[in-house]
Amino acid sequence: MDFSKPQLIFAITWCLAFGLSALIETNLSVAFPVAIYVLTFGGVAAFYLSAAAARLLLPIAPGTPRFPAPSDLDLDILSLFVRRVFVVWAIGFLGSIVYSEGIPIYWKLIGDSRNYLDFGMPTVSGLVNMLRCFCIASCVMLHLQKRAKRQDYIILAVTFFSSIAEISRGSVTSAVLHGAAVIVLLRPVYPMQIAKWGGAVWVALLSFEWVGNNRTEGYQGNFGEVLGGAFQDNGTFLSHFVWSFIYITSPFNNLAFAVSQNIEPPMVPYYTLQPLIPTFLRNMLFGQTEYPIELLNEAFNATTFYSPLVADFGPWFALAIFALITVVISFAYQSAKRGSLFGIMVYPPIFVSVTLSFFYSYFFALPIVAYPLVVWIFLRFRRRTLRKMGYR
């Protein structure tokens with residue numbers, strides 16, 4: 001099975017969120033209005049239709065590898081480019097440490113009450129995280145194609161462990177998914193590998209719980225009261241995966257709750273476009289950031305990618321806008337499968353955006369939208385390098 005297909009990833013993640021929210025009742029569970037069924041399964045259908053259209057209009061030529069990859073020469077040039085990006089990232093990351101007067105893992109060790117929310121510079125940190133993810137995805141690609149050098153492994157290690165040092169599940173998750181995107185795009189997945197990935201997911205879930213418990217020490221005991229139901233007893237199996245359950249289902253339940261409130265949308269992209277605006281400008285233009293929809297519980301404030309669209313345009317137009325997004329994603333993915341270097345390089349943020357679409361609107365996040373710009377700069381760097389080497 002090809003797990004790189006965006007439509008398959010979307011179907012799995014959204015059906016999982018829907019299923020867990022529907023089957024495991026908690027104090028945060030809500031009855032699903034009809035619009036939730038339409039947004040969930042209509043979104044899946046739109047994705048599969050867009051994928052079919054992309055395959056029809058951009059057919060893969062006979063003889064094209066099922067899992068295409070850049071040439072060795074392109075990978076060697078990528079290795080040179082990544083080192084330059086790493087320097088820019090390091091300057092930005094060190095600047096964030098100086099600006100924040102420390103880093104979360106250090107604050108944790110000395111007993112400082114500050115956390116990942118207090119780390120980084122507005123706007124700059126998002127772009128620095130984007131460069132980190134580009135380095136990670138590129139180094140994983142170099143490793144898979146056996147073109148990685150010692151410097152590339154050092155870059156991979158430093159950038160990945162920097163995400164851990166932030167004690168931010170978002171940073172770690174994004175870093176891991178950018179690397180995973182390259183793996184599923186360039187390598188087939190066999191049954192034994194599925195078992196290995198299952199073990200890796202199990203370890204990731206436990207790590208996710210550990211980070212959550214350490215980040216919000218002292219709050220764990222209140223989950224029985226907040227969630228109730230199967231989580232009332234801290235000794236149950238589900239009680240060991242509280243954070244994972246919350247992060248998967250609370251965005252979905254928040255969306256269901258908001259839709260059931262009969263939202264009157266203004267039909268302007270007030271919330272939808274805010275993530276695209278640099279933080280310092282957004283604070284000037286919009287003031288304090290508000291949640292796009294009414295929440296069930298502000299302690300669990302994650303919302304799906306649909307939430308700003310629903311707040312601005314209502315559920316039906318939100319689905320129509322998402323259908324257009326699936327067209328763009330499907331054609332970009334199909335170009336990658338046809339061997340396009342640009343398509344291959346921009347696939348990681350697509351994979352991340354689709355995988356985490358049940359949790360946040362990465363489709364409109366500035367670091368995600370700006371990622372193709374870094375790829376474009378790489379392609380220009382590649383063109384100049386080839387010209388210097390005598391290629392035309």
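The values are calculated or read from the model by the stated rules, or taken from the named source; none is laboratory data. The structure displayed is predicted, hence computed values, not measured ones. All Cβ positions, even for glycine, are placed from backbone atoms using ideal geometry, and neighbour counts span all protein chains on display. Ligands, DNA and RNA are excluded from the accessible area calculation, which covers all protein heavy atoms including side chains. Shrake-Rupley method; radii C 1.70, N 1.55, O 1.52, S 1.80 Å.
Given the options 90, 52, 11, 45, name the one that is at pLDDT 90 or above, more than 21 Å from the chain's Cα centre (by Cα) and surrounded by 18 or more Cβ atoms within 10 Å (Cβ to Cβ).
Among 90, 52, 11, 45, only 90 is at pLDDT 90 or above, more than 21 Å from the chain's Cα centre (by Cα) and surrounded by 18 or more Cβ atoms within 10 Å (Cβ to Cβ).
Condition check ((1) more than 22 Å from the chain's Cα centre (by Cα); (2) on the phi > 0 side of the Ramachandran plot; (3) modelled with pLDDT under 95) across all residues:
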site	(1), (2), (3)
69	yes, no, yes
78	yes, no, no
100	yes, no, yes
104	no, no, yes
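Any idea how many residues of region 82-138 are among the hydroxyl-bearing types (Ser, Thr, Tyr), assigned to a helix (DSSP H, G or I) and within 24 Å of residue 363 (Cβ to Cβ)?
Counting residues in region 82-138 that are among the hydroxyl-bearing types (Ser, Thr, Tyr), assigned to a helix (DSSP H, G or I) and within 24 Å of residue 363 (Cβ to Cβ) gives 3.
Are any of the residues in region 336-349 closer than 27 Å to residue 44 by Cβ, assigned to a loop (DSSP other than H, G, I, E, B) and open to solvent by less than 60 Å² (accessible area, probe 1.4 Å)?
Yes: region 336-349 contains one or more residues that are closer than 27 Å to residue 44 by Cβ, assigned to a loop (DSSP other than H, G, I, E, B) and open to solvent by less than 60 Å² (accessible area, probe 1.4 Å).
Condition check ((1) surrounded by 14 or more Cβ atoms within 10 Å (Cβ to Cβ); (2) within 21 Å of residue 368 (Cβ to Cβ)) across all residues:
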site	(1), (2)
265	yes, no
276	yes, yes
286	no, yes
307	yes, yes
313	yes, yes
326	yes, yes
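Out of all the residues in region 146-155, is one or more farther than 21 Å from residue 369 by Cα, open to solvent by less than 10 Å² (accessible area, probe 1.4 Å) and at pLDDT below 95?
Checked region 146-155: no residue is farther than 21 Å from residue 369 by Cα, open to solvent by less than 10 Å² (accessible area, probe 1.4 Å) and at pLDDT below 95.
Restricting attention to region 354-392, report how many residues are in a loop (DSSP other than H, G, I, E, B) and either of a type outside the set (Ser, Thr, Tyr) or more than 30 Å from residue 300 (Cα to Cα) (or both).
Adding up the residues that qualify gives 8.
Within region 350-378, how many residues are more than 30 Å from residue 11 (Cβ to Cβ) and buried (at least 16 other Cβ atoms within 10 Å of the Cβ)?
Final tally of qualifying residues: 1.
For the condition part of a loop (DSSP other than H, G, I, E, B), on the phi < 0 side of the Ramachandran plot, of a type in the set (Val, Ile, Thr) and touching a residue at least 24 places away in the same chain (Cβ under 8 Å), what is the one hit in 60, 164?
Going through 60, 164 in turn, just one is part of a loop (DSSP other than H, G, I, E, B), on the phi < 0 side of the Ramachandran plot, of a type in the set (Val, Ile, Thr) and touching a residue at least 24 places away in the same chain (Cβ under 8 Å): 60.
This table checks each residue for (1) acidic (Asp, Glu); (2) in contact with a Ser or Thr (Cβ under 8 Å, 6 or more places away or on another chain); (3) without any contact (Cβ under 8 Å) to a residue 40 or more places away in the chain.
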| position | (1), (2), (3) |
| --- | --- |
| 75 | no, no, no |
| 78 | no, yes, no |
| 93 | no, yes, no |
| 108 | no, no, no |
| 116 | no, yes, no |
| 146 | no, no, yes |
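Against the condition of a type outside the set (S, T, N, Q), at pLDDT below 90 and in a helix (DSSP H, G or I), how does residue 192 come out, does it pass?
yes
Mind telling me which of the residues 161, 237, 245, 241 ends up being at pLDDT below 60, aromatic (Phe, Trp, Tyr) and out of contact with any Gly (no Cβ under 6 Å at 6 or more places or on another chain)?
237
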